[in-house]
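In what follows, a structure is listed as structure tokens, so that the remarks can point back to it.
The values are calculated or read from the model by the stated rules, or taken from the named source; none is laboratory data. All values reported here derive from a predicted model rather than from experimental measurement. Counting neighbours? That spans all protein chains shown, and the Cβs are built from the backbone with ideal geometry, glycine included. Surface areas here come from the heavy atoms of the whole protein model, side chains and all, with no ligands, DNA or RNA. Shrake-Rupley method; radii C 1.70, N 1.55, O 1.52, S 1.80 Å.
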Amino acid sequence: FTVDLYDYFKLARPENAKALLTGYVLEPYPDYCQNRTRPAMLVIPGGGYGHVSNREKEPMALKFVSESFNAFTLEYSVSPVGHPAQLIEACMAMLYIRENAKELHVIPDKISAIGFSAGGHLCSMLATMFDDDAVKKVFGDKYLLCRPDAVVLSYPVITSGEGVTHGG
């Protein structure tokens, strides 16, 4: 299933903004483990904030599903949309998963995020900037629910010094 997060949270959508959350949820078997819940992984693909990499989206979510996670992918806004839109969108994704944990068969305190390249940058912001003023302005006291319980940063773009990173 796919949820438009701007519509779900009834937030004004910045021009050209996109925040789609796609869920890959393992449904409990009706005759076995009906109340089973699973950890969740939010997958944040890379793409240099110029596009969202498909090779780091569904294939990664399916790998986590194969390991008994419920997985979610975030298709976030890219250029010309800039900060803080992507941070707000990542927060919307985490908040959606937490608020709907019961229906999604997710363990509410075992929701992690993994990000690749620029998605690793966004994932690191989600882990460390969930309490940013822009986030608090949108979510009020719910900003605390935006923080992931764990993160995996896969080749994140978190250093921008000369000679350390590529252009763009």
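Within a straight-line Cα-Cα reach of under 16 Å, Lys142 can be paired with the following aspartates and glutamates, leaving aside sequence neighbours fewer than 8 residues apart in one chain: Glu89, Glu99, Asp109, Asp131, Asp132, Asp133.
Annotation: Leu62 carries an accessible surface of approximately 80 Å², with a 1.4 Å probe and no ligand, DNA or RNA atoms counted. Can you give the local net charge around Glu89? Use residues other than it whose beta-carbon is closer than 12 angstrom to its beta-carbon, Lys and Arg +1, Asp and Glu -1. With Lys, Arg at +1 and Asp, Glu at -1, the neighbours total 0.
Using a simple spin-label model with pseudo-atoms 7 Å out from Cα toward Cβ, Thr22 and Lys63 lie 1.6 nm apart.
In straight-distance terms, cross-link reach from Lys57 covers every one of the aspartates and glutamates whose alpha-carbon lies under 14 Å from its own, apart from those fewer than eight places away in the same chain; here that gives Glu75.
Between beta-carbons, use under 14 Å as the cut-off and find the net charge around Thr22, counting Lys and Arg +1, Asp and Glu -1. Spell out each step's value before the answer.
On the way: positive: Lys18, Lys57; negative: Asp4, Glu56, Glu58, Glu75, Glu89.
Neighbour charge sum, excluding Thr22 itself: -3.
For the chain, what's the relative contact order in percent, using C-alpha pairs closer than 8 Å and at least 6 residues apart?
Numbers: 327 pairs, mean separation 39.8, N = 168.
For the chain, the relative contact order is 24 percent.
The accessible area of Asp131, taken with all protein chains in place and a 1.4 Å probe, comes to roughly 70 Å². Shape summary: the chain maps onto an equivalent ellipsoid whose semi-axes, from the alpha-carbon gyration tensor, are 26, 18, 14 Å in decreasing order. Look at the dipole of the stretch 28-168 built from charges on Cβ: of Tyr76, Met125, Ser112, the Cα furthest out on the positive end belongs to Ser112. Within the straight-line cut-off of under 25 Å between alpha carbons, the lysines reachable from Lys137 are Lys10, Lys18, sequence neighbours fewer than 8 places apart in one chain being disregarded.
So for the stretch 98-148, considering every pair of alpha-carbon atoms, how many percent are separated by more than 16 Å? I get 49 percent for the Cα pairs in the stretch 98-148 exceeding 16 Å.
Might you report the magnitude of the Cβ-based charge dipole of the stretch 63-168 about its Cα centre, with Lys and Arg at +1 and Asp and Glu at -1, to the nearest 20 debye? Walk me through the numbers on the way to the answer.
Numbers: 8 positive and 12 negative charges, 28 e Å.
With only Lys, Arg, Asp and Glu charged at Cβ, the dipole is about 140 debye.
By a 1.4 Å probe calculation restricted to protein chains, Glu67 has an accessible surface near 110 Å², given to the nearest 10.
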